[in-house]
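**Q** The structure's right below; bear with me while I get my questions together.
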Amino acid sequence: MNVLGRVLKWEDAEIGEPKEGEIRVKNKAVGINFIDVIFRKGVFKAPTMPFTPGMEAVGEVVAVGPGLSGRKVGDIVAYAGGPIGSYAEEQILPASKVVPVPPSIDPVIAASVMLKGMTARTLLRRCFKVENGHTILVHAAAGGVGSLLCQWANALGATVIGTVSTKEKAAQAKDDGCHHVIIYTEEDFVSRVKEITSGNGVDVVYDSVGKDTFQGSLECLKIRGFMVSFGQSSGNPDPVPLSALAPKSLFLARPSVMHYTSSRDELLEAAGEVFASVASGVLKVRVNHRYPLSEAAKAHADLESRKTSGSVVLIP
């Protein structure tokens, strides 16, 4: 599968054999993330053109490069982040970028939770450390990352407020641990958050929506609150002068999970914590939508039109 401009095309391609330090993986399941749409649209620059999108997959090792130890044919491995190119039946990957998938975790579950789970872990445990007694606001609470944020934050003892677009998504967010769900198409989320918090505001906002919610998110924060912007599904937020943070001494962060998993040790620790949270039941992964890999274009269209909830996977 290749990309030309904004068009997804299903094509045959030769990928060759793994070189030193590389493995060849036959994918069993490919995770879809909104960042794939952003790359396809050209908001983020692809490394080459045309290119194959996708930043997350689980598969079986079918070949290993010369001199490589620690990985063998038949291993089930997962990867998330880079290199881009998981929308493929098979791919060549650096062995240092994959992690073993525990036998207790289904490959489809692993492919749908690897990147989203490590993102949630980065947001909740590293960027701002959510603890018992905190009140948080999660936008797109029924989305792939939003669902995991709500569950994990609830388990950590936080009061979780989530925004969604429909009653159906509100029901899912409630089930995922949201104590208060705001249907933003029916009510103003800023006013509702202030009402829920008795005017105090929240400790942290996790905002993957961007342009449509950014300013309102700042208004929802309490004094010394944290604004964590980690996506822009509605477009890039308008520029914010530093002086806008001063009235409440706010903190603003724009993290990337890749910067928190750049070393091998960090990657193994993050993936291990995600898989352990799935195995223990802290995280229940909602794979609500499955598409054949050849129908990736339809999956993108459904994701962009907000027809999806939870995780979306492609099956080669």
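The values are calculated or read from the model by the stated rules, or taken from the named source; none is laboratory data. Predicted model only: the values in this text are computed from it and were never measured. Glycine gets a Cβ as well: all are built from the backbone with ideal geometry, and neighbour counts include every protein chain shown. Just the protein is used for accessible areas: all its heavy atoms, side chains included, with ligands, DNA and RNA removed. Shrake-Rupley method; radii C 1.70, N 1.55, O 1.52, S 1.80 Å.
**Q** Just need a number here: residues in the stretch 13-39 that are assigned to a loop (DSSP other than H, G, I, E, B) and in contact with a helix residue (DSSP H, G or I) (Cβ under 7 Å, 6 or more places away or on another chain).
**A** First pass over the stretch 13-39, keeping only residues assigned to a loop (DSSP other than H, G, I, E, B): 13-21, 33.
In the following step, the residues that additionally are in contact with a helix residue (DSSP H, G or I) (Cβ under 7 Å, 6 or more places away or on another chain) were identified as 21, 33.
Here the count works out to 2.
**Q** If you go through the stretch 155-177, how many residues are closer than 17 Å to R286 by Cβ, part of a loop (DSSP other than H, G, I, E, B) and either outside the structural domain of G216 (by the TED database) or in contact (Cβ under 8 Å) with a residue 24 or more places away in the chain (or both)?
**A** Number satisfying all stated conditions: 3.
**Q** In this structure, does M118 turn out to be within 18 Å of V25 (Cα to Cα) and open to solvent by less than 10 Å² (accessible area, probe 1.4 Å)? Before you say what the answer is, go through the steps one by one.
**A** Working: within 18 Å of V25 (Cα to Cα): no; open to solvent by less than 10 Å² (accessible area, probe 1.4 Å): yes.
The answer is no for M118.
**Q** Among the listed residues F214, F230, which satisfies the condition of being crowded, with 18+ Cβ neighbours inside 10 Å and over 16 Å from the mean Cα position of the chain (by Cα)?
**A** Working: F230 fails: over 16 Å from the mean Cα position of the chain (by Cα).
Unique residue meeting the criteria: F214.
**Q** Next question. Look at the stretch 300-316 and say how many of its residues are assigned to a strand (DSSP E or B) and over 15 Å from the mean Cα position of the chain (by Cα).
**A** Keep residues of the stretch 300-316 that are assigned to a strand (DSSP E or B), which gives 311-315.
Remaining after also requiring over 15 Å from the mean Cα position of the chain (by Cα): 314-315.
Going through the stretch 300-316 one residue at a time, the tally reaches 2.
**Q** Can you find a residue in the stretch 178-187 that is in contact (Cβ under 8 Å) with a residue 40 or more places away in the chain, closer than 27 Å to V257 by Cα and buried (at least 22 other Cβ atoms within 10 Å of the Cβ)?
**A** Within the stretch 178-187 (the criterion being in contact (Cβ under 8 Å) with a residue 40 or more places away in the chain, closer than 27 Å to V257 by Cα and buried (at least 22 other Cβ atoms within 10 Å of the Cβ)), the answer is yes, since at least one residue qualifies.
**Q** Among the candidates A297, A244, which residue alone is over 17 Å from the mean Cα position of the chain (by Cα), in a helix (DSSP H, G or I), farther than 24 Å from S86 by Cβ and aliphatic (A, V, I, L, M)? Outline the logic, then answer.
**A** Working: A297 fails: farther than 24 Å from S86 by Cβ.
Only one candidate qualifies: A244.
**Q** List, please: which pairs have Cβ atoms under 6 Å, are six or more places apart or on different chains, and start with a residue in the stretch 295-316 that is within 19 Å of G231 (Cα to Cα) and assigned by the TED database to the domain that holds L148 and end with one that is of a type in the set (K, R) and open to solvent by less than 20 Å² (accessible area, probe 1.4 Å)?
**A** none
**Q** State whether the residues of the stretch 206-220 include one that is touching a Lys or Arg at 6+ places or on another chain (Cβ under 8 Å) and within 24 Å of Q151 (Cβ to Cβ).
**A** yes
**Q** For the structure I just gave you, tell me whether T163 is open to solvent by less than 10 Å² (accessible area, probe 1.4 Å), of a type in the set (S, T, Y) and more than 30 Å from G70 (Cβ to Cβ). If you could, list the steps in order and put the result at the bottom.
**A** Details: open to solvent by less than 10 Å² (accessible area, probe 1.4 Å): yes; of a type in the set (S, T, Y): yes; more than 30 Å from G70 (Cβ to Cβ): yes.
Against the criterion (open to solvent by less than 10 Å² (accessible area, probe 1.4 Å), of a type in the set (S, T, Y) and more than 30 Å from G70 (Cβ to Cβ)), T163 qualifies.
**Q** Given the conditions (1) surrounded by fewer than 24 Cβ atoms within 10 Å (Cβ to Cβ); (2) not in a helix (DSSP H, G or I), report the number of the one that A141 does not fulfil.
**A** (1)
**Q** Residues of the stretch 120-157 being among the β-branched types (V, I, T) and modelled with pLDDT of 95 or more, which ones? Even if it seems obvious, please write down each step before you answer.
**A** Taking the stretch 120-157 and keeping what is among the β-branched types (V, I, T), we get 122, 130, 135-136, 138, 145.
Selection gives T122, V130, T135, I136, V138.
**Q** Working only within the stretch 193-213, note down all residues that are in contact with an Asp or Glu (Cβ under 9 Å, 6 or more places away or on another chain) and at pLDDT below 95.
**A** Result: K211, T213.
**Q** Could you identify the single residue in E17, E11 that is at pLDDT 85 or above and more than 19 Å from M258 (Cβ to Cβ)?
**A** Values: E11 fails: at pLDDT 85 or above.
Testing whether each residue is at pLDDT 85 or above and more than 19 Å from M258 (Cβ to Cβ) leaves just E17.
**Q** Right, here's the next one. Considering each residue of the stretch 72-109, count those that are under 19 Å from V62 (Cβ atoms) and either not assigned by the TED database to the domain that holds R40 or not in a helix (DSSP H, G or I) (or both), and give that number.
**A** 24
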